[in-house]
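The values are calculated or read from the model by the stated rules, or taken from the named source; none is laboratory data. Remember, it's a predicted structure, so these values are computed and weren't measured experimentally. FYI the Cβ positions are ideal-geometry reconstructions off the backbone, even for glycines, and counts take in every protein chain you see. To get the accessible areas, we keep the full protein, side chains included, count just its heavy atoms, and leave off ligands, DNA and RNA. Shrake-Rupley method; radii C 1.70, N 1.55, O 1.52, S 1.80 Å.
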Amino acid sequence: MSAAIPNPATDLRETSFDSFLIQQDYAAYTEEQHATWAELVSRRMPQLAKHAAEEYLEGFAIIGLRHERLPNLQEISARLNPRTGWSTTPVSGFMPGPAFFEMLAERKFPTTTWLRKRDSLEYTPEPDIFHDVFGHVPMHAHPVFANFLANYGQLCANVIEGHENEALAQGTLERIGRLFWYTVEFGLIRQHGRVRVYGSGLISSNGECTNVLEGHCQVQDFSLDAVLNTPVQVDQMHKLLFAIESFDQIYESLQTVQQKIAAGDPL
């Protein structure tokens, strides 16, 4: 389960992200690992060149991702930070919700440094550097998307801080997490009369992406109400996803969620 949608059993007491920070030992990557990265990229790029959102492909070039070598997180942050204020920040692995949201609010994207092995090219149960960087980070170069993600983190952190009742906070976070899931993780956008992918789960997975492109997944126009009322299922291919018309749409939807919470209205 993604740290963005905390497990109902997760302890929401204050947790600083500092204890999860590590250093990326770039020199420790082996030639075999670089070759595995290159194979992962080569498997995905032909499909993405035709079906990824323009903003993803532009971001890929902006942050300087290389096809043949694993990403150096410091180098990516040096390109990304002057543009949108974001950095790729290495962490030890899965994080509890409070720490995850705190990092997003500070525009530090929690990034794992390990890479899946060659016998697990199509799927790994936990996010690795391929999912985190190849799947997520190019979109962080887009200013509107970058603002949406930081505001999402801040909103979730505020929910945790402002709720004395942990069960109520968990319920609110689960609902807000659906917006994250159907955008950041599995988001679609209509461009030039076609549906294109931008969510990291679609970008990094041939199976999930092909499931959409071959028509095995219903694509509805993005609606905040529909998204908030569509539970997340992490153990099967998606049967329903949502396509936005522009990234302003998700930014404005998050503002609507924030206003509803502030007014005490149900989501």
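Before we move on, is Asn72 polar (S, T, N, Q), open to solvent by 70 Å² or more (accessible area, probe 1.4 Å), at pLDDT 95 or above and more than 17 Å from the chain's Cα centre (by Cα)?
Here the answer is no, as Asn72 does not meet what is asked.
Checking Tyr123 against (1) modelled with pLDDT under 95; (2) outside any loop (DSSP other than H, G, I, E, B); (3) open to solvent by 10 Å² or more (accessible area, probe 1.4 Å): exactly one of these is not met. Which one?
(2)
Go through segment 94-116 and give me each residue that's open to solvent by 20 Å² or more (accessible area, probe 1.4 Å), more than 13 Å from Ser16 (Cβ to Cβ) and of a type outside the set (S, T, N, Q).
Residues satisfying the conditions are Phe94, Arg107, Trp114.
Only one residue in Gly201, Gly207, Gly171, Gly187 is within 25 Å of Pro266 (Cβ to Cβ) and touching a residue at least 12 places away in the same chain (Cβ under 8 Å). Which one?
Testing whether each residue is within 25 Å of Pro266 (Cβ to Cβ) and touching a residue at least 12 places away in the same chain (Cβ under 8 Å) leaves just Gly187.
Looking at (1) open to solvent by 10 Å² or more (accessible area, probe 1.4 Å); (2) touching a helix residue (DSSP H, G or I) at 6+ places or on another chain (Cβ under 6 Å); (3) hydroxyl-bearing (Ser, Thr, Tyr); (4) at pLDDT 95 or above, which one does Ser200 not meet, given that it meets all the others?
Failed condition: (1).
Name every residue in segment 75-93 that is open to solvent by 60 Å² or more (accessible area, probe 1.4 Å) and touching a helix residue (DSSP H, G or I) at 6+ places or on another chain (Cβ under 7 Å), in order of residue number.
Arg79, Arg83, Ser92
Scanning for something modelled with pLDDT of 95 or more, within 21 Å of Ala78 (Cα to Cα) and either open to solvent by less than 60 Å² (accessible area, probe 1.4 Å) or assigned to a strand (DSSP E or B) (or both), does segment 34-55 turn up at least one residue?
Within segment 34-55, one or more residues are modelled with pLDDT of 95 or more, within 21 Å of Ala78 (Cα to Cα) and either open to solvent by less than 60 Å² (accessible area, probe 1.4 Å) or assigned to a strand (DSSP E or B) (or both).
Regarding segment 127-145, can at least one residue be identified that is within 17 Å of Leu202 (Cα to Cα) and part of a loop (DSSP other than H, G, I, E, B)?
Scanning segment 127-145 turns up at least one residue that is within 17 Å of Leu202 (Cα to Cα) and part of a loop (DSSP other than H, G, I, E, B).
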